[in-house]
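In what follows, a structure is listed as structure tokens, so that the remarks can point back to it.
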Amino acid sequence: MDTTNIHKLDSTSALLNTAIQQISQVILGKNQQIKLALTCLIAKGHCLIEDQPGVGKTTLAHTIAQVMGLEFHRIQFTSDLLPADVLGVSVFNREQSKFEFHPGPIFSQFILADEINRATPKTQSALLEAMEEHQVTVEGETRELPSPFFVIATQNPLHQIGTYPLPESQLDRFLMRIDLGYPDEEAERQLLEGDDRRTIIKSLNPVCDKAQLFQLQQQAASLHVSPAILDYVQEILNYTRQTNAFEFGLSPRGGLAMINAAKAYAFIEGEKYVLPEHVQTILPAVANHRLPVHLESGLKQTTSAAELIIESTSIS
């Protein structure tokens, strides 16, 4: 590797470390969850955060947008939200005697779909095309979304009142699903004694701009993946399709998600190529929401599914 590339890697590592440090000032004691959320952004995916209200899901999204220098828009999903409230609508202009399209909040670089499972399935489906193709079709006309385009959605546990389960097609649009969990005792004490998190967010300075983010994404995508790692991913895919533990196995898109997430995570860790540990680290967040478990299997829709896969497969 020449000196120029070494300097590029050093500067990239410093930038990402600064981003993680800044986000960690707001989201205390959750370094791994921060890395996984940034992995989604670097891999050009989307992130679903499922947890109890009040543990910092919305705060994490707002902080990442601030630190990464992205235009941020929050959409509060409720039972009366309509697709037009998300995508936009055409309004008749009397002066010009024609309809004009008024873009909805989806036309932003960083979208927080807050409590997405409180909206009806019809409104949830408004995000499908946007998340997959980075465009929306309204009244027969297709419109491109900004670039970069990143969605973090939060959802409350399904047993809570007023929630609608996300269909498999919607879940599959999320590269990862993570949870934050309660803070440990030390982090919670800092929260109780410290400043308001919103005040801290406003004081943070962006560590990069759009051009630098594109460069990070391109560098992560170019990381080397050996044939042995590809064999390992295919073994995982085959196992999920053949075992009776799951209702159905991972799709080819799930395999691509594993590769892309492992590349981005390895990149954040400062590696030049993907290791088996990277695949295993991202596997719970990438695979669990894509693998409905059979009730008689005794598994829960948690890390136990990924643990079963890791125990039952091996890197050659």
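The values are calculated or read from the model by the stated rules, or taken from the named source; none is laboratory data. Just so we're clear, the structure is a prediction, and the values are computed from it rather than from any experiment. Neighbour counts are summed over all protein chains in view; Cβ atoms, including those assigned to glycine, are modelled from backbone coordinates with ideal geometry.
Can you name the condition, by its number, that residue 156 falls short on among (1) touching a Gly at 6+ places or on another chain (Cβ under 9 Å); (2) more than 29 Å from residue 253 (Cα to Cα)?
Only one criterion is unmet by residue 156, namely (2).
Considering (1) surrounded by fewer than 21 Cβ atoms within 10 Å (Cβ to Cβ); (2) in the same structural domain as residue 308 (by TED's automatic domain parsing); (3) farther than 25 Å from residue 70 by Cβ, say which one residue 246 fails and leave the rest.
If we test residue 246 against (1) surrounded by fewer than 21 Cβ atoms within 10 Å (Cβ to Cβ); (2) in the same structural domain as residue 308 (by TED's automatic domain parsing); (3) farther than 25 Å from residue 70 by Cβ, just (1) comes out false.
Report the residue count in the stretch 105-128 for those that are closer than 17 Å to residue 148 by Cα and either touching a Phe, Trp or Tyr at 6+ places or on another chain (Cβ under 6 Å) or modelled with pLDDT of 90 or more (or both).
Of the residues in the stretch 105-128, 9 are closer than 17 Å to residue 148 by Cα and either touching a Phe, Trp or Tyr at 6+ places or on another chain (Cβ under 6 Å) or modelled with pLDDT of 90 or more (or both).
Within the stretch 67-105, take every residue that is surrounded by fewer than 13 Cβ atoms within 10 Å (Cβ to Cβ) and among the small types (Gly, Ala, Ser) and give me the one that is nearest to residue 202 (Cα to Cα).
79
State whether one or more residues within the stretch 168-179 are in a strand (DSSP E or B) and on the phi > 0 side of the Ramachandran plot.
no
Tell me whether the stretch 28-38 contains one or more residues that are crowded, with 16+ Cβ neighbours inside 10 Å, under 25 Å from residue 288 (Cα atoms), modelled with pLDDT of 90 or more and of a type in the set (D, E, K, R).
yes
For the subset of the stretch 161-204 comprising residues that are without any contact (Cβ under 8 Å) to a residue 40 or more places away in the chain and of a type outside the set (D, E, K, R), which member is nearest to residue 78 (Cα to Cα)?
Looking at the filtered set, the residue picked out is 161.
Can residue 157 be described as assigned to a loop (DSSP other than H, G, I, E, B), over 26 Å from residue 268 (Cβ atoms) and in contact (Cβ under 8 Å) with a residue 60 or more places away in the chain?
Criteria met by residue 157.
Considering every residue within the stretch 59-66, establish whether at least one is crowded, with 23+ Cβ neighbours inside 10 Å and in contact with a strand residue (DSSP E or B) (Cβ under 6 Å, 6 or more places away or on another chain).
Yes: the stretch 59-66 contains one or more residues that are crowded, with 23+ Cβ neighbours inside 10 Å and in contact with a strand residue (DSSP E or B) (Cβ under 6 Å, 6 or more places away or on another chain).
Which pairs have Cβ atoms under 8 Å, sit 6 or more apart or on different chains, and link a residue in the stretch 263-289 that is on the phi > 0 side of the Ramachandran plot to one that is part of a helix (DSSP H, G or I)?
270/9; 270/13
Taking the options 228, 220, 261, name whichever one is touching a Lys or Arg at 6+ places or on another chain (Cβ under 6 Å), assigned to a helix (DSSP H, G or I) and under 23 Å from residue 279 (Cα atoms).
220
Test residue 151 against the criterion of being within 21 Å of residue 79 (Cα to Cα) and either surrounded by fewer than 14 Cβ atoms within 10 Å (Cβ to Cβ) or within 20 Å of the chain's Cα centre (by Cα) (or both), and give yes or no.
The answer is yes for residue 151.
Can you find, within the stretch 180-204, the residue that is surrounded by the most Cβ atoms within 10 Å (Cβ to Cβ) among those that are touching a Gly at 6+ places or on another chain (Cβ under 9 Å) and part of a loop (DSSP other than H, G, I, E, B)?
So the residue we want is 180.
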